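In what follows, a single structure is set out as structure tokens and then discussed.
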């Protein structure tokens, strides 16, 4: 390979910054502009699987405590009680179901590891890309099941399974 | 060529103080907004401040307001009087520097024959302030930063002095005003359309001078004294509020003043080639040059300051030993050879 005359690295460095400046200053319609957005005025759409906040589908939760026990920070607080529900078939014994009284996640402690979402056997916890829930006071970051339920609306549809993926066996 | 009104001495002094303040603060503010806020952001593919005023133009006032609100903390074990005086000494050296810079045929604060000598002497007063700040803070990071700054500023003072010597030899004077006049009235091989800016013959000197200025200002490739990844903020670690603001203003004001001096020494200063208007001596220069001169100066200053900042935003930091080696083993020999060659050519032609 022939040795091409090389631009000294020092000049190349200056060129890189100058080129970036020219690119930033170029009007948007010519494919220029900054890589950033001006946040409060315009917002980026986070990717569909972004880990913004953990939402709760209350109906699916059985207060089994698996998420609370697997949480590395112990930031999930669950209280529940048992209730009798009408039998499934006529003449059967009444069923015992777990009722959820309290489901709180302390987002001041949460480290967004997602183990609770993984571990939930009843599909009650979901990742949502919602990220605008900062609070002036740290204690206000403890969110209850009503607030967690509201975030369910922001959870995107689960994407299609990949071709050849193993289908979950339904009942 | 006298002004129509005679201004009393106190009036002249007042005007000089006002002019000096403007000549220091205006370039500092412009450099910070245009280069530090905007150019750096563009080079990093972002827009920089956009909220305070149109395109963030009022950001400076917001920053100054923020700093003025902050508590003025003096560490308990600091040497209080020295600690409080240090930033002022750094800023004072900037004001003293601008005093010799000529802005026009009559628009100067003072001019005397030892101008360059004075300029070089006064510019090292800031070293004293920085050393005071580092020593009196009672903080190991401040002390290390202050010592590094002292070592660096002394090391780069030498190439700066030596590179300026080339200009002094060529001009045959140390008066900054005369240097400007010479550059604009001389001709290159009989062609006088460009004047004779000394960058043409003193290009090596110019390069060495700009590198030394970069180091004197502790701008990035040479910012060992405030290396934030090692020393928090070097000699400024313990400063807050108003006094930090003074350090900050002094840094960028000095950048502006050094850019002004570089444009005087190498780029022809406030002048435009005199042959354009048929001027042949100081007294024949039209009066409007006193207005146009400062504008020409500021244009040249902005270009040079832009280059200083561009380099600052592009390069990573030197290591302490590399920095010293670069000054003593590269810059000083190069500028010595430059002086020798200049002297030989001066005598030969």
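The values are calculated or read from the model by the stated rules, or taken from the named source; none is laboratory data. As the structure is a prediction and not an experimental result, all values here were calculated from the model. Here Cβ is always computed from backbone atoms with ideal geometry, including for glycine, and neighbour counts include all displayed protein chains.
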Filtered residues of the range A:99-114 (kept if surrounded by 15 or more Cβ atoms within 10 Å (Cβ to Cβ) and either over 30 Å from residue A:51 (Cα atoms) or touching a strand residue (DSSP E or B) at 6+ places or on another chain (Cβ under 6 Å) (or both)): A:100, A:103, A:104, A:105, A:106
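Let's see how each residue does on (1) touching a helix residue (DSSP H, G or I) at 6+ places or on another chain (Cβ under 8 Å); (2) assigned to a loop (DSSP other than H, G, I, E, B); (3) surrounded by 10 or more Cβ atoms within 10 Å (Cβ to Cβ):
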{"residue": "A:127", "(1), (2), (3)": "yes, no, yes"}
{"residue": "A:153", "(1), (2), (3)": "no, no, no"}
{"residue": "A:157", "(1), (2), (3)": "no, yes, no"}
{"residue": "A:165", "(1), (2), (3)": "no, yes, no"}
Within the range A:91-113, tally of residues that are at pLDDT below 90, part of a loop (DSSP other than H, G, I, E, B) and under 19 Å from residue A:149 (Cα atoms): 0
Counting just the residues of the range A:129-147 that are in contact (Cβ under 8 Å) with a residue 24 or more places away in the chain, assigned to a helix (DSSP H, G or I) and out of contact with any helix residue (DSSP H, G or I) (no Cβ under 8 Å at 6 or more places or on another chain), which one comes out farthest from residue A:45 (Cα to Cα)? A:139
Which condition number does residue B:103 fail, the rest of (1) modelled with pLDDT of 85 or more; (2) crowded, with 19+ Cβ neighbours inside 10 Å; (3) over 17 Å from residue B:167 (Cβ atoms) being met? (1)
Only one residue in A:13, A:91, A:9 is closer than 22 Å to residue B:43 by Cα and either surrounded by 11 or more Cβ atoms within 10 Å (Cβ to Cβ) or more than 14 Å from chain B (Cβ to nearest Cβ) (or both). Which one? A:13
Determine whether residue A:45 is farther than 16 Å from residue A:118 by Cβ and out of contact with any strand residue (DSSP E or B) (no Cβ under 9 Å at 6 or more places or on another chain). yes
Give just the number: which of (1) away from chain A (no Cβ under 14 Å); (2) under 20 Å from the mean Cα position of the chain (by Cα); (3) at pLDDT 85 or above does residue B:20 not satisfy? (3)
Going by the conditions given, is residue A:34 surrounded by 14 or more Cβ atoms within 10 Å (Cβ to Cβ) and either within 13 Å of chain B (Cβ to nearest Cβ) or in contact (Cβ under 8 Å) with a residue 40 or more places away in the chain (or both)? yes
Does the range B:304-334 hold any residues that are touching a residue at least 12 places away in the same chain (Cβ under 8 Å), part of a helix (DSSP H, G or I) and within 14 Å of chain A (Cβ to nearest Cβ), and which are they? B:306, B:307, B:308, B:309, B:310, B:311, B:312, B:313, B:314
Here is a list of conditions, (1) buried (at least 20 other Cβ atoms within 10 Å of the Cβ); (2) at pLDDT 85 or above; (3) away from chain A (no Cβ under 14 Å); (4) within 30 Å of residue B:272 (Cα to Cα), and residue B:83 meets all of them except one; can you say which number that is? (4)
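This table checks each residue for (1) on the phi < 0 side of the Ramachandran plot; (2) within 14 Å of chain B (Cβ to nearest Cβ); (3) out of contact with any helix residue (DSSP H, G or I) (no Cβ under 7 Å at 6 or more places or on another chain).
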site	(1), (2), (3)
A:21	yes, yes, no
A:30	yes, no, yes
A:49	yes, no, yes
A:55	yes, no, no
A:65	no, no, yes
